[in-house]
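The values are calculated or read from the model by the stated rules, or taken from the named source; none is laboratory data. Owing to the predicted nature of the structure, the values given are computational and were not obtained by experimental measurement. Don't worry about glycine lacking a Cβ; one is built from the backbone with ideal geometry, like all the others, and counts go over all protein chains shown.
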């Protein structure tokens, strides 16, 4: 017994270090096993937590989606109604709707309205007599067919119209042997200016037999042909000037016949020239 105990003690002594190493190894194994179990538990917890979080996210998404659909259904989009354009009231100006022709009601008002923009009812016109220039207030003159327009001094001259002619005559006539002072504008339909010029030459030859008739193209006071003749050298001698305009109005040729006496050429002649410089053939 003693021998066995001694041998056991000797064995313990000899193998104490080995036992300690065995125990340390076992301890390390146990520690590793515990760590592995702990990791499994931790991983299991994380797995469960992750699954719960995913489930929570899915539920929240479904909830928000359903609420969003409900909100869209609950809020009605207001219907946008495009207002219908209000009807344009008919224009009071007949010329904007359709052009009226001569003789129709409203024709005169229509043409006068168109004239007002370019040709006012009154206008100052320069007058030059004996080298002196002054401004004379003149009125607009336009015939019923609106073939032309010009300005005339209605203080010194009387203005009259008939179907084909516009007359401008001096208010103060001398009378007696003196010819009537004034000028008239006539429209001759369906004839060219050259035809009318030939006819006017023939008329002057009849009225002034033996007198010299001067003929020339002119650009003042109007553009066209000029015929000029005088009766004699006496102060009361008639002096006649005829202008045949180059531009026509609706195939009608315009003729202006001016009459003064020799002594009045400087006065009346200059005033007529000033008035005729404003003459315009209308389209």
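So, residue 260, is that one part of a strand (DSSP E or B) and over 48 Å from the mean Cα position of the chain (by Cα) or not? Taking the combined requirement at face value, the residue satisfies it.
Of the residues making up the range 268-277, those that are farther than 18 Å from residue 158 by Cβ and under 40 Å from the mean Cα position of the chain (by Cα) are 273, 277.
Scanning the range 162-171 for residues that are loosely packed, with under 14 Cβ neighbours inside 10 Å and modelled with pLDDT of 95 or more returns a single hit, 171. Of the strands (runs of 3 or more DSSP E) that lie entirely inside the range 105-175, those containing 3 or more residues that are touching a strand residue (DSSP E or B) at 6+ places or on another chain (Cβ under 6 Å), more than 25 Å from residue 245 (Cβ to Cβ) and assigned by the TED database to the domain that holds residue 254 span 132-141.
To keep it simple, each residue is scored yes or no on (1) closer than 20 Å to residue 282 by Cα; (2) in the same structural domain as residue 147 (by the TED database); (3) within 39 Å of the chain's Cα centre (by Cα).
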position	(1), (2), (3)
204	no, yes, no
220	yes, yes, yes
225	yes, yes, no
245	yes, yes, yes
